[in-house]
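Engineer: This is the structure I have questions about; it appears just below.
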Amino acid sequence: HYRLPLIENVATPKVEEAKREEIGFRTVDPGPPAKYQDVPKESLMLTGDENIIDIDMIVQYRIKDAAAYLFNVKDPKTTVRDAAEAAIREIIGNRTIDEALTTGKIDIQNSTMALLQRILDRYESGIEVVTVQLQDVHPPQQVFNAFRDVTNAREDRNRLINEAQGYRNDIIPKAEGAAAEIIQQAEAYKQERIQRAQGDASRFRQLLAEYQKAKDITKQRLYLEMMDEILPGIEKFIIDQNSQRGLLPILQLNRDGSGEGSKVGAVTSEEKKGESP
């Protein structure tokens, strides 16, 4: 390129070179070991749930339009740093501290990179953002211990919730199984009682039919059947008023012919009178 000596300068920016800006910290000595200096005015930010968080971030970019890079922005390095800080603050302001510290880092990086590129394009800076990387994300040192206690308490709460959920998942099926078993037993008992009642009703209907045909015979049969059920095995006394003797022993014979002593006897009328006052 031609230039007028002493009047003009030729600027040749390195368009293939990847440039880097640090947000929230500065590299003091690349080392090894590397030494860094924190820049709190850049790193301290407020999350969407109103917690303070300390973030260090690296932005890598390159020149995609040399003319725009040289003539549209006065200080490209400062422009990139200020735009990156504005982008990360806006993104963090829409996230919770848990997202920033745990599962939301990748999303925060991608969202910050997209927003930063839009800002630089509005400036017509000729700059293309290559990567945005969160180097370090942590609570401020002044409240780190308190935050750790809160985190531990949250983990304990989640653990207890999981244990309770596990107990619930274990006890409910057992209770449902026990309830189903009780219902089945009750249903079986119900059917048994119904069938028994139906059988009793059928027997009584048959008995009624026989009773209507022969009332006296049916009464006598029922009486004998009842005596046959209740008399065996109980202590019995037969009173004979005409007998002149006392208690008469009676030998009770079993159906197999064997004799068995029994407290069965006869009481005379005289003894009965003698017992009267």
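The values are calculated or read from the model by the stated rules, or taken from the named source; none is laboratory data. Computed from a predicted structure; not experimentally measured. Counting neighbours? That spans all protein chains shown, and the Cβs are built from the backbone with ideal geometry, glycine included.
Conditions (1) loosely packed, with under 10 Cβ neighbours inside 10 Å; (2) within 30 Å of Gly104 (Cα to Cα); (3) assigned by TED's automatic domain parsing to the domain that holds Val59; (4) under 31 Å from the mean Cα position of the chain (by Cα), marked per residue:
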| site | (1), (2), (3), (4) |
| --- | --- |
| Val150 | no, yes, no, yes |
| Ala153 | no, yes, no, yes |
| Ala164 | no, yes, no, yes |
| Ile183 | no, no, no, yes |
| Glu187 | no, no, no, no |
| Glu192 | no, no, no, no |
| Tyr223 | no, no, no, no |
| Met226 | no, no, no, no |
| Ile230 | yes, no, no, no |
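Engineer: Can you tell me which of (1) within 30 Å of Pro40 (Cβ to Cβ); (2) small (Gly, Ala, Ser); (3) modelled with pLDDT of 90 or more is the one Ala188 doesn't meet?
Structural biologist: Ala188 satisfies every listed condition except (1).
Engineer: Give me the residue from the stretch 17-46 that is over 24 Å from Ala114 (Cβ atoms) and of a type in the set (D, E, K, R) and, out of that set, surrounded by the fewest Cβ atoms within 10 Å (Cβ to Cβ).
Structural biologist: The extreme case among them is Lys41.
Engineer: All but one of (1) assigned to a helix (DSSP H, G or I); (2) surrounded by fewer than 17 Cβ atoms within 10 Å (Cβ to Cβ); (3) not aliphatic (A, V, I, L, M) hold for Asp49; which doesn't?
Structural biologist: Asp49 satisfies every listed condition except (1).
Engineer: Scanning for something touching a residue at least 60 places away in the same chain (Cβ under 8 Å) and closer than 19 Å to Gly48 by Cβ, does the stretch 85-104 turn up at least one residue?
Structural biologist: So far as the stretch 85-104 goes, yes, one or more of its residues are touching a residue at least 60 places away in the same chain (Cβ under 8 Å) and closer than 19 Å to Gly48 by Cβ.
Engineer: Would it be correct to say that Ile127 is surrounded by 16 or more Cβ atoms within 10 Å (Cβ to Cβ) and under 16 Å from Val59 (Cα atoms)?
Structural biologist: yes
Engineer: Can Asn110 be described as exposed (fewer than 10 other Cβ atoms within 10 Å of the Cβ), in a helix (DSSP H, G or I) and without any contact (Cβ under 8 Å) to a residue 60 or more places away in the chain?
Structural biologist: Judged against the criteria, Asn110 is not a match.
Engineer: Does the stretch 137-148 contain at least one residue that is assigned to a strand (DSSP E or B) and within 19 Å of Thr102 (Cβ to Cβ)?
Structural biologist: Yes, the stretch 137-148 contains at least one residue that is assigned to a strand (DSSP E or B) and within 19 Å of Thr102 (Cβ to Cβ).
Engineer: Could you pull out the residue among Ile63, Ile55 that is among the hydrophobic types (A, V, I, L, M, F, W, C) and more than 15 Å from Lys19 (Cα to Cα)?
Structural biologist: Ile55
Engineer: Next up: Got a sec? Which of Gly166, Gly126, Gly199 is at pLDDT below 90 and farther than 23 Å from Gly93 by Cα?
Structural biologist: Within the list Gly166, Gly126, Gly199, the selection yields Gly199.
Engineer: Looking at Ile63, is it closer than 14 Å to Gly126 by Cβ and more than 36 Å from the chain's Cα centre (by Cα)?
Structural biologist: Here the answer is yes, as Ile63 does meet what is asked.
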